[in-house]
Amino acid sequence: MDGHVAEWLFTVCRNRSLDVWRKEGRMKRFEEGQVERLITAEPPPGRTLERAEQHATALRLIGQLMPNQQEVIRLKFQNGFSYQEIARITSLSTGNVGFILHTALKTLRSGMTSLPE
């Protein structure tokens, strides 16, 4: 073993450096700012404000709908009722509930997409 210490040390170091090289080859490098996006659980500050504005706009647009459309929208999305349950509550047919909901959502979608960026 005395004459082979240098060979053994060279082999161990070489193998270790190859292991590190292979591991780093499999690892992805982060782009600038990517670490922060992965670490933080909170949305970016602008996203929170944007969502609040969208929510306010949606509520304003719902307020501009016909009363029966407002009622059906609120029963469906605020209370989670099915079409059949909404039909029983409002004394409308299930098909009529679907039609009112469809036209109301179409109006809301149109109002949300026509907003300036």
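Quick notes on this structure:
- Kirkwood Rh, Cα atoms: Rg over Rh of the range 66-117: 1.05
- Packing-based order for 10-18, 60-68, using average beta carbon neighbours within 10 Å, highest first: 60-68, 10-18
No lab work stands behind these numbers, since they all come straight from the coordinates. The model shown is predicted, which means the values in this text are computed figures rather than measured ones. Methodologically, a virtual Cβ is constructed for each residue, glycine included, from the backbone with ideal geometry; neighbour enumeration extends over all protein chains shown.
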